[in-house]
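The values are calculated or read from the model by the stated rules, or taken from the named source; none is laboratory data. No experiment lies behind these values; they were computed from the predicted model shown. Cβ atoms come from the backbone with ideal geometry, glycine included; neighbour counts cover every protein chain shown.
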Amino acid sequence: MDLIADRGRRVTVEELNTTKLLAHAAEQARARKYEDMLIVDCDAHHYENENFNEILPFMENDVLRQLTMSGRAKGRHSIVPAQVGYQDMGGRVTRYPLRMTEKTVPGKLRDVQLGERWMDAMGVDYSCLFPTGMLNVGLHPQKEMEVELCWAYNRWLTEVVLPENHGRFYTQLALPLSDPEASLRQVETFGGRKGVTGFMVTTVRTLPVHDNALMKVYRAIEERGLSLAFHSGPNWGEPVFKGLNRFISVHALGFSFYNILHCTNWVINGMGERFPKLPVIWIESGLAWIPFLMQRLDHEYMMRPSEAPLLKKKPSDYMRDMFYSTQPMEIQDMEALETTFRMINAETQLMYASDYPHWDFDLPSTIYDLPFLSEKAKHNILGGNAARTFKLAPRNEAQKANLIKYGNYTAG
Amino acid sequence: MAEQFVGRVSEFADGTRQIVKLGDTEVGVFRHDGTFYAYSNYCLHQGGPACEGLTIAKVEEHLREDKTSMGLYFSEKDMNFVCPWHGYEYDMKSGECISDRKLKLKNYQVVTKGDDVYVVA
């Protein structure tokens, strides 16, 4: 297939084959003997928009379902808020323009086949599967449509996708947070389903996550022994970002910005005191923002504790009680990264994430090769912390022995 | 010095590349403006197949005398090749990573013998 380069010049590249594209990742996995180590990817993606013909029939409301399905005809408008973005870097990240050229075998879901290809290549045992376009669902102008789209996606994922994957995919399902009653219903409906380890707030939104109306949702998640994830994203339409002229700027700031926003509300409003048994995971913002926010909030809290009266310890202590996903990990200044790991108690609070197939994915070697980590920390971050939190079972005896050795074995 | 056959000069079109195994490693051989270049196929970032992606002219931003921007342009002379995993760009003529010139892919000598192209280990 030809890709378009400078001045219309055509460059011939091979059709996409994920296994071949990731052959070097597979070499790394063999060289580092990942098969002995349970590796959990707590943030991987599929392109659910390519499956809307299968997802949308699960919408409950007849009128809204007809409205979206009729809009599937070519040339009609998007049904989920879309944004300007250049994730593929003008075709430089070839798996974007080539994605539709990848061949799969009939009779098994394409997304499952593609997922298993990259998991096998990277040496990943389990992946938490998240959508892509629907990470913008919090920007939908219609609350009822946000509810319906989340409902349909959550049904399709738990009834069609996860059963085909034989347990290697798990998920934290999208919450229609704009509607607390509907969110609670989805927790009650889907919370007990196989492969559901929790729920996910798409953070590209400005809704206050500490709103009283949402307490029953968090309580329902906590009572079920499930987790709550906040998955970030960019948004060029956010008023404060309208002055940015390059996608690199929007991407670099946006992913951290939304999690900084919501984490601040979560911490300052004492959510850690209200739901002490609820595992909370902040996803896809990198790590550099965490020491920044810890220092900013602690500094102000020392002078203004009356504005955060529910807190019984410093904001950074609550932040250390929560979990963080690794990707996109800023490996630029090794001393700064080591300090970050120390500040967040990475050994017990950090979880490896690839974010594959997105453009800034990280391989397990980004953790495995860090010079300052102990063996225990490597095992914990690459999979042990997730295995302990999400009750994931080892896939072989060596993995089981390592989970037991490092105190992460919870699922027999 | 071991030599690995790459292909025929007459069949190696300008603007194309070939990947060859050289012992335990992989080397990307490019033909650009009539010259052959050969580099390690392992990206210095996360080990991706650095030579298997797009080749694309360097992007430049031109400034006027008063420092105002004229916008973005493709270079008339500098070509990059791009690791398809994450977009790390390398200078075709030097193998340097354009975002940090201290990072440089291992380069290999390319020799031609008649119509045959070889890369030298």
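Quick look at the values:
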| item | result |
| --- | --- |
| Qualifying residue in the stretch A:212-232 (condition: among the hydrophobic types (A, V, I, L, M, F, W, C), surrounded by fewer than 21 Cβ atoms within 10 Å (Cβ to Cβ), within 28 Å of residue A:306 (Cα to Cα) and in contact with a Gly (Cβ under 9 Å, 6 or more places away or on another chain)) | no |
| Looking only at the stretch A:120-135, and only at residues there that are in a loop (DSSP other than H, G, I, E, B) and surrounded by 18 or more Cβ atoms within 10 Å (Cβ to Cβ), the one that is modelled with the lowest pLDDT | A:131 |
| Filtered residues of the stretch A:263-289 (kept if surrounded by fewer than 19 Cβ atoms within 10 Å (Cβ to Cβ) and in a loop (DSSP other than H, G, I, E, B)) | A:269, A:270, A:275, A:276, A:277, A:288 |
| Wholly within the stretch A:1-88, strands (runs of 3 or more DSSP E) carrying at least 2 residues that are touching an Asp or Glu at 6+ places or on another chain (Cβ under 6 Å), of a type in the set (Asp, Glu) and within 30 Å of residue A:144 (Cβ to Cβ) | none |
| Selection count where residues are surrounded by fewer than 24 Cβ atoms within 10 Å (Cβ to Cβ) and within 14 Å of residue A:131 (Cα to Cα), scope the stretch A:170-187 | 1 |
| Complete set of residues in the stretch A:140-182 that are more than 22 Å from residue A:212 (Cα to Cα), of a type in the set (A, V, I, L, M, F, W, C) and assigned to a helix (DSSP H, G or I) | A:145, A:149, A:151, A:152, A:156, A:157, A:160, A:161, A:162 |
| Residues within the stretch A:349-373 that are surrounded by fewer than 19 Cβ atoms within 10 Å (Cβ to Cβ) and more than 11 Å from chain B (Cβ to nearest Cβ), tallied | 3 |
| Those residues of the stretch A:195-230 which are among the basic types (Lys, Arg) and under 19 Å from the mean Cα position of the chain (by Cα), in sequence order | A:205 |
| Residue B:66 being free of Cβ contacts under 8 Å to residues at least 24 places away in the same chain, within 13 Å of the chain's Cα centre (by Cα) and more than 9 Å from every other protein chain (Cβ to nearest Cβ) | no |
| Residue under evaluation residue A:328, criteria (1) surrounded by fewer than 19 Cβ atoms within 10 Å (Cβ to Cβ); (2) touching a residue at least 60 places away in the same chain (Cβ under 8 Å); (3) not aromatic (Phe, Trp, Tyr), criterion not met | (1) |
| The lone exception for residue A:14 - which of (1) surrounded by 13 or more Cβ atoms within 10 Å (Cβ to Cβ); (2) within 14 Å of another protein chain (Cβ to nearest Cβ) it fails | (1) |
| Subset tally (residues that are in a loop (DSSP other than H, G, I, E, B), within 11 Å of chain A (Cβ to nearest Cβ) and either within 13 Å of residue B:82 (Cα to Cα) or at pLDDT 95 or above (or both)) for the stretch B:17-50 | 7 |
| Residues of the stretch B:51-63 satisfying the condition of being within 13 Å of another protein chain (Cβ to nearest Cβ) and either free of Cβ contacts under 8 Å to residues at least 24 places away in the same chain or assigned to a strand (DSSP E or B) (or both) | B:55, B:56, B:57, B:58, B:59, B:60, B:61 |
| Leading residue by the ranking (farthest from the other protein chains (Cβ to nearest Cβ)) among those in the stretch B:95-115 that are part of a loop (DSSP other than H, G, I, E, B) and surrounded by 15 or more Cβ atoms within 10 Å (Cβ to Cβ) | B:95 |
| Criterion violated by residue A:104 - all others in (1) touching a residue at least 12 places away in the same chain (Cβ under 8 Å); (2) away from chain B (no Cβ under 14 Å); (3) not in a strand (DSSP E or B) satisfied | (1) |
| Test for residue A:49: is it touching a helix residue (DSSP H, G or I) at 6+ places or on another chain (Cβ under 8 Å), under 19 Å from residue A:355 (Cα atoms), surrounded by fewer than 18 Cβ atoms within 10 Å (Cβ to Cβ) and away from chain B (no Cβ under 11 Å) | yes |
| Odd one out for residue A:1 among (1) within 16 Å of residue A:357 (Cα to Cα); (2) within 14 Å of chain B (Cβ to nearest Cβ); (3) modelled with pLDDT under 95 | (1) |
| Those helices (runs of 4 or more DSSP H) lying entirely in the stretch A:300-399 with at least 2 residues over 24 Å from residue A:228 (Cβ atoms) | A:334-343, A:365-368, A:375-379 |
| Residues satisfying the stated conditions in the stretch B:75-94, i.e. assigned to a loop (DSSP other than H, G, I, E, B), under 14 Å from the mean Cα position of the chain (by Cα) and not polar (S, T, N, Q) | B:83, B:84, B:87, B:88, B:92, B:93 |
| Test: residue in the stretch B:33-41 that is within 18 Å of residue B:113 (Cα to Cα), hydroxyl-bearing (Ser, Thr, Tyr), in contact with a strand residue (DSSP E or B) (Cβ under 7 Å, 6 or more places away or on another chain) and in contact (Cβ under 8 Å) with a residue 40 or more places away in the chain | yes |
| Selected residue (criterion: surrounded by the most Cβ atoms within 10 Å (Cβ to Cβ)) from residues of the stretch A:400-410 that are in a loop (DSSP other than H, G, I, E, B) and over 22 Å from the mean Cα position of the chain (by Cα) | A:406 |
| Only listed residue being modelled with pLDDT of 95 or more, buried (at least 17 other Cβ atoms within 10 Å of the Cβ) and over 21 Å from the mean Cα position of the chain (by Cα), chosen from A:92, A:117 | A:92 |
| Residue list for the stretch A:290-317, restricted to those being charged (D, E, K, R) and surrounded by fewer than 12 Cβ atoms within 10 Å (Cβ to Cβ) | A:304, A:307, A:312 |
